[in-house]
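What follows is a set of notes on a single structure, which appears directly below.
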Amino acid sequence: MSRTAGRGETEVKSFCRICTGHCGVIASVDENRRLVAIRGDKDDPQTLGFVCSKGTDAVDSHNSGERLLRPLKRMPDGSFEPIPLERAIGEIADRLGDIIHRNGPGAVASYRGSGGFFASATLNVLDALMAAIGSPKKFSNLTIDQSAKVVAMGRLGVWPPGPQPFHDSDVCMLLGNNPLVSIAAAAFDTRHPLKRIKEARARGMKLIVVDPRRTETAEYADVFLQPLPGYDAAILAAIIRIILDEGWQDADFCRQHVGDLDCLRRAVEPFTPEKVAEAADIPADGLWEAARVFARDGRRGIAGTGTGPSMSPHSNLMEHLVGCLNVICGRFIREGEPIDNPGFLMGRTPKPAQVVDIGRSWESGPRSRIGGYGTVGGEMLTGLLADEILQPGEGQVKCLINHGGNPAASVPDHRKIARALESLELFVSIEPVMTASAALSDYILPPRMPYERADLHLSLFETAIYPFSYARYTPALADPPPGSEVCDEWYVLWSLASRLGYTLTCNGIELDRDEPPTEEQLLEILTANAPVPLAQIKRHPEGYLDRGEPMVAAPADPATAAKFTTMPDDVAGEMEGLLGDMRDADRGGRGFDFRLCSRRNRHRFNTVGHLSPYLKKLTPRNPAYLNPDDLRALGVATGDWVEISSDNGAIRATVAEDETVRRGVVSMTHCFGYLPDTDDFIEHGVSTNLLISTDRDLQTINAMPRMSGIPVNIEPLM
Ligand SMILES: Nc1nc2c(c(=O)[nH]1)N[C@H]1C(S)=C(S)[C@@H](COP(=O)(O)OP(=O)(O)OC[C@H]3O[C@@H](n4cnc5c(=O)[nH]c(N)nc54)[C@H](O)[C@@H]3O)O[C@H]1N2
Ligand SMILES: Nc1nc2c(c(=O)[nH]1)N[C@H]1C(S)=C(S)[C@@H](COP(=O)(O)OP(=O)(O)OC[C@H]3O[C@@H](n4cnc5c(=O)[nH]c(N)nc54)[C@H](O)[C@@H]3O)O[C@H]1N2
Ligand code: SF4
Ligand SMILES: [Mo]
């Protein structure tokens, strides 16, 4: 909880690493280097003092009685016994070596979850271990999130200088994104989003929001569309159609940089505003209004998406069309314009103002055993993880190294993934608490918690997190509880490699095989491509803001300049599929009355916080939020029990009246609950992943399950 430092306490500037908000905080530690307080740093030039309940709860989570303080090994009877760290690593290495020897490297998979992404010294080490083993089976939460964005880049093309930034835009369109709660959005400024949205509106920026729920963010919208979920691709097609019909596109940009505008024009032709409005159950005028505000009146600013439509049906097509919308309106940084954040830890290369065809990474390289899918963003697809483990045959996954994730609770098809994880020969979790995944692991290695380690900001998404060229370092400022034996996450992975005789290469730099690296060396390696050395970043406890000459978008190189491909054959096929689905819906749907939509909870971060007394008090469970008219039609009221069933399973929950949710939609937060048959809604909420199948409804290319817009029925329970 938040309070200021007392006697004998020291205050240190740091930043929170629970989410990409990366809020600047003042952390207080006592004379024993125990974390005693966290508060938002009002002087933080980026996040301006913002901090949330999860951020301040770090004090409790670091000192919590629920925290695992020494490595645990699962015994034959299913109980856990403490085991010294070196012995645990030795046993894991032996079993890992044996699995590789018997089954080949492809039997070993890794899963990185959110906790792993933020442990910056370790970020490259897990990938290095997998490369050394020679296994392509790297999984993460990214492919059950917004990997549609990676697919869209491969199919459409990219513009290296990037999109126009939020801070000087006059319009912004958000589809299924609620940054005021999630503090996450690619088309937004998430450094204290409430202040940024107010500033933006004060300078006249118009906000368009498309969401089945009138979200906290939608409260600030100038145009708000409240469709049924899963119709975003159709909505975007209709908006593009209006723009092209009215000539509101950036014709010069299209002439220079779009290869097949006529194909796009033809493909959106069937998506008349009237037809789309009817299917999505919104007024056709709203589509016109959105098109006018975005393309006719707006000059700068982009449309962006969040998890909602990225999890609903037609998600890859949806992301492609939002890309097309930005393309036809030319919403990119042009030649000679400054690129406010050209990248920091990821390095900087010249960024020509042209289209680059990066190709379809999934069409070459390794393929999944199940379904023959390629990789997306260099990773295998988490929608297939359970089957990769369960289905026998050559290449079957026998060992999973889970770094900072909770796949047993976060991966769709809850029963199937739990069954799969349980069946593994070796399941290792580097994890600080007894999560559902930890409970299924053979070894649990609890790490240092964030304020006990040095870190840099999350390099992978740095240009989306920070609008300006900026880097942030924090030292370790607290010690783990006395008497504990927690691990350095990178050390575990390095030590496994070393015992198996592998040399690790991180960011192009080879690590010594006999002598472990230090945390400091690993952070140096992470900054190898940065414009300034780590030492210089460290001299700025509030973060290092690069005030040098900004990089500008370079002239195009005629030798490499490509054109955007708005309607490749597979996308055209998906447009047909969408039309077919809309026709089916016209014929009365498929026997399900409601669509279940994802939403984030302010006081949880996915599964993080479920063991915190403070956060549990703020949000004990995940009710099924419904519109008051739907509650009445169902004959239930807030607090009543219902059964929600899909074609994959059923859950029991209590309902809560919520007039921000549109009719026909039930809005629920994911990642509550525990393991399938221990679900107790009152105790810890229920997992919506029970309703989601990974046997069907997977998107092509990224095997994204249908995680929002799930057709369900709701039955009152007496
Ligand atoms: N139905 C449904 N399912 C969903 C979603 C949805 O909307 N609906 N959302 C999806 C999305 S977007 C995501 S990103 C995934 C999330 O999927 P995961 O990443 O698998 O789940 P998290 O709960 O974020 O897992 C983070 C874990 O890291 C641990 N941790 C915390 N700090 C540390 C640390 O310092 N070191 C280490 N090693 N571990 C740490 C936490 O205790 C926790 O167990 O869930 C997905 N699942
Ligand atoms: N407090 C908190 N913050 C978080 C997280 C958390 O669990 N809690 N999780 C973090 C993670 S892992 C991620 S990926 C980000 C995600 O960040 P966001 O993408 O902003 O996630 P949400 O806040 O769930 O917003 C998704 C919105 O999509 C809407 N929606 C659902 N289905 C559809 C649809 O078919 N179409 C449209 N247009 N909208 C739809 C929902 O009503 C919801 O308002 O948040 C991160 N931040
Ligand atoms: S929004 Fe909350 S959880 Fe995210 S970085 Fe800020 S304080 Fe941490
Ligand atoms: Mo996510």
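The values are calculated or read from the model by the stated rules, or taken from the named source; none is laboratory data. What you see is a predicted model, and the numbers here were worked out from it, not measured in a lab. Cβ: placed from backbone, ideal geometry, glycine included. Neighbour counts: every protein chain shown. All accessible areas refer to the heavy atoms of the entire protein, side chains included, with ligands and DNA or RNA removed. Shrake-Rupley method; radii C 1.70, N 1.55, O 1.52, S 1.80 Å.
Return yes or no: is PRO676 surrounded by fewer than 22 Cβ atoms within 10 Å (Cβ to Cβ) and either of a type in the set (S, T, N, Q) or over 28 Å from LEU615 (Cβ atoms) (or both)? Steps first, please.
Values: surrounded by fewer than 22 Cβ atoms within 10 Å (Cβ to Cβ): yes; either of a type in the set (S, T, N, Q) or over 28 Å from LEU615 (Cβ atoms) (or both): no.
Answer is no for this residue.
Please work out if ARG652 is among the charged types (D, E, K, R), touching a strand residue (DSSP E or B) at 6+ places or on another chain (Cβ under 6 Å) and either crowded, with 21+ Cβ neighbours inside 10 Å or assigned to a strand (DSSP E or B) (or both).
Values: among the charged types (D, E, K, R): yes; touching a strand residue (DSSP E or B) at 6+ places or on another chain (Cβ under 6 Å): yes; either crowded, with 21+ Cβ neighbours inside 10 Å or assigned to a strand (DSSP E or B) (or both): yes.
For ARG652, the condition - among the charged types (D, E, K, R), touching a strand residue (DSSP E or B) at 6+ places or on another chain (Cβ under 6 Å) and either crowded, with 21+ Cβ neighbours inside 10 Å or assigned to a strand (DSSP E or B) (or both) - is met.
Which members of segment 46-75 meet the condition of being assigned to a loop (DSSP other than H, G, I, E, B), at pLDDT 95 or above and under 27 Å from the mean Cα position of the chain (by Cα)? Reasoning before the result, please.
Taking segment 46-75 as the starting set, the residues that turn out to be assigned to a loop (DSSP other than H, G, I, E, B) are 46-52, 57, 64-66, 68-71, 75.
Okay, now just the ones that are also at pLDDT 95 or above, so 46-52, 57, 68-71, 75.
Answer for segment 46-75, where residues must be assigned to a loop (DSSP other than H, G, I, E, B), at pLDDT 95 or above and under 27 Å from the mean Cα position of the chain (by Cα): GLN46, THR47, LEU48, GLY49, PHE50, VAL51, CYS52, ASP57, LEU68.
Working only within segment 308-320, note down all residues that are among the hydrophobic types (A, V, I, L, M, F, W, C) and either within 15 Å of the chain's Cα centre (by Cα) or within 16 Å of ligand 1 (Cβ to nearest atom) (or both). First the steps, then the outcome.
As a first pass, look at segment 308-320 and keep what is among the hydrophobic types (A, V, I, L, M, F, W, C): 311, 317-318.
Result: MET311, MET318.
Within the group ILE100, ILE38, ILE92, which residue is open to solvent by 20 Å² or more (accessible area, probe 1.4 Å), aliphatic (A, V, I, L, M) and outside any loop (DSSP other than H, G, I, E, B)?
Values: ILE38 fails: open to solvent by 20 Å² or more (accessible area, probe 1.4 Å); ILE92 fails: open to solvent by 20 Å² or more (accessible area, probe 1.4 Å).
So the residue among ILE100, ILE38, ILE92 that is open to solvent by 20 Å² or more (accessible area, probe 1.4 Å), aliphatic (A, V, I, L, M) and outside any loop (DSSP other than H, G, I, E, B) is ILE100.
Can you tell me which residue in segment 31-67 is farthest from ILE465 (Cα to Cα), limited to those that are within 16 Å of ligand 2 (Cβ to nearest atom) and among the hydroxyl-bearing types (Ser, Thr, Tyr)?
Looking at residues that are within 16 Å of ligand 2 (Cβ to nearest atom) and among the hydroxyl-bearing types (Ser, Thr, Tyr), I get SER61.
Of the residues GLY649, GLY609, which is small (Gly, Ala, Ser), within 13 Å of ligand 1 (Cβ to nearest atom) and under 30 Å from ALA58 (Cβ atoms)? Write out each step before concluding.
Numbers: GLY649 fails: under 30 Å from ALA58 (Cβ atoms).
Exactly one residue qualifies, and that residue is GLY609.
Conditions (1) acidic (Asp, Glu); (2) touching a Lys or Arg at 6+ places or on another chain (Cβ under 7 Å); (3) in the same structural domain as ARG34 (by TED's automatic domain parsing), marked per residue:
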site	(1), (2), (3)
PRO432	no, yes, no
LEU440	no, no, no
THR463	no, no, yes
TYR473	no, yes, yes
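Mind listing whichever residues of segment 147-159 are open to solvent by 40 Å² or more (accessible area, probe 1.4 Å) and either more than 16 Å from ligand 1 (Cβ to nearest atom) or aromatic (Phe, Trp, Tyr) (or both)?
As a first pass, look at segment 147-159 and keep what is open to solvent by 40 Å² or more (accessible area, probe 1.4 Å): 149-150, 153.
Once the filter is applied, which keeps residues that are open to solvent by 40 Å² or more (accessible area, probe 1.4 Å) and either more than 16 Å from ligand 1 (Cβ to nearest atom) or aromatic (Phe, Trp, Tyr) (or both), segment 147-159 yields only MET153.
Identify, please: which residue in segment 106-146 is assigned to a strand (DSSP E or B) and open to solvent by less than 10 Å² (accessible area, probe 1.4 Å) and is, among those, farthest from ligand 1 (Cβ to nearest atom)? Even if it seems obvious, please write down each step before you answer.
Taking segment 106-146 as the starting set, the residues that turn out to be assigned to a strand (DSSP E or B) are 108-112, 138-140.
Now restrict to residues that are open to solvent by less than 10 Å² (accessible area, probe 1.4 Å): 108-111, 139-140.
Details: VAL108: 18, ALA109: 14, SER110: 12, TYR111: 7, PHE139: 10, SER140: 8 Å.
Across segment 106-146, the extreme among qualifying residues is VAL108.
Out of the residues in segment 587-633 that are within 16 Å of ligand 4 (Cβ to nearest atom), assigned to a loop (DSSP other than H, G, I, E, B) and open to solvent by 70 Å² or more (accessible area, probe 1.4 Å), state the one that is nearest to GLY649 (Cα to Cα).
Going through the qualifying residues, I end up with ARG600.
Return the residues of segment 293-307 that are crowded, with 17+ Cβ neighbours inside 10 Å and more than 16 Å from ligand 1 (Cβ to nearest atom); say none if nothing qualifies.
First, pick out the residues of segment 293-307 that are crowded, with 17+ Cβ neighbours inside 10 Å: 293-295, 298, 300-307.
Those that are crowded, with 17+ Cβ neighbours inside 10 Å and more than 16 Å from ligand 1 (Cβ to nearest atom): VAL293, PHE294, ALA295, GLY298, ARG300, GLY301, ILE302, ALA303.
Could you please find all residues in segment 447-468 being in contact with a strand residue (DSSP E or B) (Cβ under 7 Å, 6 or more places away or on another chain) and more than 16 Å from ligand 3 (Cβ to nearest atom)? Working first, answer last.
Applying the first criterion (in contact with a strand residue (DSSP E or B) (Cβ under 7 Å, 6 or more places away or on another chain)) to segment 447-468 yields 447, 451, 454-457, 468.
If the condition is that a residue be in contact with a strand residue (DSSP E or B) (Cβ under 7 Å, 6 or more places away or on another chain) and more than 16 Å from ligand 3 (Cβ to nearest atom), then PRO447, ALA454, PHE468 are the ones that fit.
If I filter segment 190-220 down to residues being touching a Leu at 6+ places or on another chain (Cβ under 6 Å) and surrounded by 21 or more Cβ atoms within 10 Å (Cβ to Cβ), which single residue comes out as nearest to ILE302 (Cα to Cα)?
VAL209
Do you know which residues across segment 13-26 are part of a strand (DSSP E or B) and over 17 Å from TYR614 (Cβ atoms)?
Our first condition is that a residue be part of a strand (DSSP E or B); within segment 13-26, this holds for 13-15, 24-26.
Within segment 13-26, LYS13, SER14, PHE15, GLY24, ILE26 qualify.
Residues are listed down the side, and each one gets a yes or a no for (1) more than 21 Å from the chain's Cα centre (by Cα); (2) on the phi > 0 side of the Ramachandran plot; (3) not assigned by TED's automatic domain parsing to the domain that holds ILE99:
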{"site": "LEU129", "(1), (2), (3)": "yes, no, no"}
{"site": "ALA152", "(1), (2), (3)": "no, no, yes"}
{"site": "HIS167", "(1), (2), (3)": "yes, no, yes"}
{"site": "VAL171", "(1), (2), (3)": "yes, no, yes"}
{"site": "ASN177", "(1), (2), (3)": "no, no, yes"}
{"site": "LEU180", "(1), (2), (3)": "no, no, yes"}
{"site": "ALA184", "(1), (2), (3)": "no, no, yes"}
{"site": "ALA187", "(1), (2), (3)": "no, no, yes"}
{"site": "ARG191", "(1), (2), (3)": "no, no, yes"}
